[in-house]
1. Restricting to strands (runs of 3 or more DSSP E) lying wholly in the stretch 223-312: which have 3 or more residues that are assigned by TED's automatic domain parsing to the domain that holds GLY325 and in contact with a helix residue (DSSP H, G or I) (Cβ under 6 Å, 6 or more places away or on another chain)?
2. Run down TYR118, TYR143 and say which single residue is at pLDDT 90 or above, in contact with a helix residue (DSSP H, G or I) (Cβ under 8 Å, 6 or more places away or on another chain) and at positive phi.
3. When you look at PHE182, is it outside the structural domain of PHE279 (by TED's automatic domain parsing) and touching a Cys at 6+ places or on another chain (Cβ under 9 Å), yes or no?
4. Quickly run through the stretch 314-348 and pick out the residues that are acidic (Asp, Glu) and surrounded by fewer than 17 Cβ atoms within 10 Å (Cβ to Cβ).
5. So in the stretch 207-217, with the set limited to residues that are touching a Gly at 6+ places or on another chain (Cβ under 8 Å) and surrounded by 16 or more Cβ atoms within 10 Å (Cβ to Cβ), which one is farthest from PRO252 (Cα to Cα)?
6. Tell me the residue from PHE86, PHE96 that is modelled with pLDDT under 80, of a type outside the set (Val, Ile, Thr) and in the same structural domain as SER38 (by TED's automatic domain parsing), please.
7. Based on what the data block shows, is ILE303 at pLDDT below 90, among the hydrophobic types (A, V, I, L, M, F, W, C), within 21 Å of the chain's Cα centre (by Cα) and crowded, with 17+ Cβ neighbours inside 10 Å?
8. Take the stretch 180-234 and flag every residue that is over 24 Å from GLY325 (Cα atoms) and among the charged types (D, E, K, R).
Amino acid sequence: MEKKKLKFVFIVQGEGRGHLTQAISLFNIIINAGHEISYVLVGKNERRKIPQFFHEKINSPIEAFESPNFVADSKGKGIKILKTIFYNIARGGIFFKSLKRIREVLNEKSPDVVINFYDILGGILNFKFKERNIKFLTIGHQYFLEHNDFNFPDGNTTDRNLLKTLNKITSFRYDKKLALSFRQVNDEEEKRIFVVPPLLRKEVLNITTEVGEHILVYINMPGYSEEIIEWHKNNPEIILHCFWDKKEVENPWVVNKNLTFHQVDDQLFLEFMKSARGFVSTAGFESVCEAMYLGIPVMMIPIQGQFEQTCNAIDAKKSGGGISGNSFNISEFLDYLPNHKSKSEIFRAWVQKSENIFLKYLEE
């Protein structure tokens with residue numbers, strides 16, 4: 001019996017690069033299986049625009065919509081939770097228009113499946129406008145934090161409850177929560193949690209590594225550049241290639257011969273990744289997974305006020321990714337590197353199951 005061709009619509013959170021690269025990877029899996037992505041909706045805000053690489057890799061109509069976002073502190077190093085809440089409440093009228101537009105797209109495209117990459121409005125849409133005869137799936141590593149295999153850090157009760165609330169909003173009335181995980185564990189169907197491998201880009205899967213001399217750094221809060229520059233003054237012999245999205249500076253910004261800041265560039269980032277001695281980053285999920293797949297040790301510095309990243313760092317460390325820290329004191333990482341014990345073979349085997357596992361959940 002011939003398999004039914006399914007029509008999909010994506011709703012993608014635009015904050016950071018992780019959800020975007022996940023969408024690209026799943027786009028390729030779905031297209032290669034003979035299905036169709038008829039429309040891609042991407043949340044945007046004042047700080048984040050849809051990067052060019054996303055337009056180049058997604059061969060479907062793409063439309064941006066205004067979506068809630070975090071409010072950074074004055075130093076550009078952390079997230080202000082209360083300000084974030086009040087700021088987004090004040091923009092409620094704008095977001096209602098976005099919800100209306102998303103619903104128009106669903107009515108026009110009549111998809112079989114909607115996939116939400118952890119966008120808040122994608123969850124609220126399902127709360128207000130549950131469409132009949134449409135299967136709703138939501139994807140995010142945040143859902144793994146609800147799994148019994150994950151142990152939260154002590155304390156942080158308020159942050160933990162906020163994260164759980166956000167998980168509920170983004171997955172309300174969804175048929176399945178696909179929990180991206182650093183490691184393979186059992187599903188928890190009673191919670192609608194289905195554990196899936198990271199969605200890595202094919203460019204990462206096909207890359208050949210060659211150990212170089214530099215440390216690769218990624219920051220999605222520009223204020224951390226001050227810590228990096230200050231550390232490098234005392235360690236000028238260490239070669240650092242840093243990536244950020246601070247648009248008002250020249251690209252690349254060469255601080256000195258061994259310290260360079262590059263604008264986020266998908267291909268250039270991978271070029272530096274494949275030959276890095278190590279990778280230092282705020283504790284986002286996707287870039288840490290890329291490094292782990294390539295067997296590159298990682299140091300993770302969670303963004304202040306973003307509890308989810310603290311959890312990421314704990315889980316990546318448990319899965320053999322590397323170490324975590326409270327600041328960009330890269331000396332700690334340099335001391336760790338000779339003692340790193342890679343578990344990349346286990347991780348790679350898990351990632352390579354992605355296509356079969358995702359298609360099982362998408363097509364059933």
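The values are calculated or read from the model by the stated rules, or taken from the named source; none is laboratory data. Since we're looking at a predicted model, the values are computed, not measured. Cβ placement follows ideal geometry from the backbone for every residue including glycine, while neighbour counts extend to all protein chains displayed.
1. 240-244, 278-281, 298-300
2. Within the list TYR118, TYR143, the selection yields TYR118.
3. yes
4. GLU332, ASP335, GLU345
5. ILE215
6. Just one listed residue meets the conditions, PHE86.
7. yes
8. Residues satisfying the conditions are ASP187, GLU188, GLU189, GLU190, LYS191, ARG192, ARG201, LYS202, GLU203, GLU210.
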